[in-house]
Every structure is written in C-alpha cells, then in structure tokens.
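Just below is one structure, and these are the notes that go with it.
The values are calculated or read from the model by the stated rules, or taken from the named source; none is laboratory data. Everything numeric here is computed off the predicted structure, so don't read it as measured data. All Cβ positions, glycine included, derive from the backbone under ideal geometry; neighbour counts span all protein chains shown.
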Amino acid sequence: MSDGWVEACAAGDIDREDVIRFDHAGHTFAVYRTEDDRYYATDGLCTHERVHLSGGFVMGGIIECPRHNGRFDFTTGQARGAPACIDLKTYPVKVEAGKVFIFPNLI
C-alpha cells in the first residue's frame with residue numbers, strides 16, 4: 001500500500017492465541033492474534049539470541065521464545081522473563097476487509 005501499511009496476512013491465517021512470521025524489506029516480524037481477536041505485531045526475533053518468535057508459545061498477551069523460554073508482552077514489547085531483558089519493538093496493526101496490515105516504519 002502506498003500509505004506505508006503493508007499486508008501481512010489474512011486475518012484467518014492466524015489461529016487465536018497464536019503467532020506467525022512475516023518477512024518484509026529484509027526484516028522479520030511476528031504477527032499475533034489474541035483469544036478475543038485483537039492483532040499485534042513485533043520484531044520477529046528474540047532480543048536474547050535472535051531466534052524466530054513464530055516458533056514460540058502464545059498465552060494471554062505473552063510470547064515465550066522457543067529457545068530459552070524468555071518471555072515478552074507482545075502488546076507492549078516489554079521483556080517479561082529472563083533471559084530476555086531487552087524489549088521488542090512493536091508496530092501498529094489494523095484489520096480491514098479480512099486482511100491484517102502492519103505499519104513497519106523501518107526508518
């Protein structure tokens with residue numbers, strides 16, 4: 001899209017309380033869906049050892065890294081459990097016509 005929003009996936013591509021990987025412009029993102037159908041996006045790699053978060057476990061608003069079990073609040077990006085201590089960057093998300101868009105703002 002010309003206004004900076006990028007289509008990441010269809011809303012139904014993500015199960016409730018799950019995460020998928022989305023790559024754009026050489027950057028990896030994680031796109032989440034909550035139990036109550038809210039969508040969020042963060043950087044897609046754990047800040048501890050750069051492991052893809054899309055392989056992690058989602059429960060509530062938390063993503064747990066699949067390698068060392070570091071945890072992040074994906075709604076805010078805040079690191080919530082060791083060994084992760086550096087927050088994730090978060091990105092605006094909108095859902096229109098059944099599609100999930102993120103605003104990557106990679107500048």
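Right, Gly77: farther than 26 Å from Glu96 by Cα and either at pLDDT below 95 or in contact with an Asp or Glu (Cβ under 9 Å, 6 or more places away or on another chain) (or both) or not? Considered against the rule, which asks whether it is farther than 26 Å from Glu96 by Cα and either at pLDDT below 95 or in contact with an Asp or Glu (Cβ under 9 Å, 6 or more places away or on another chain) (or both), Gly77 comes out as no.
Inspect segment 25-41 for any residue being among the polar types (S, T, N, Q), in contact with a Ser or Thr (Cβ under 8 Å, 6 or more places away or on another chain), assigned to a strand (DSSP E or B) and at pLDDT 95 or above and give the result as yes or no. The answer is no; no qualifying residue exists.
Answer yes or no as to whether Gly77 is in contact with a Pro (Cβ under 8 Å, 6 or more places away or on another chain), small (Gly, Ala, Ser) and either over 18 Å from Glu17 (Cβ atoms) or buried (at least 16 other Cβ atoms within 10 Å of the Cβ) (or both). No. Beta carbons closer than 6 Å, at least 6 apart along the sequence or on distinct chains, pair a first residue in segment 45-64 that is under 13 Å from Arg80 (Cα atoms) with a second that is of a type in the set (Phe, Trp, Tyr) and not in a loop (DSSP other than H, G, I, E, B) for Ile63/Phe72; Glu64/Phe57.
When segment 66-100 is limited to residues that are of a type in the set (D, E, K, R) and not in a loop (DSSP other than H, G, I, E, B), the one that is nearest to Tyr40 (Cα to Cα) turns out to be Lys94.
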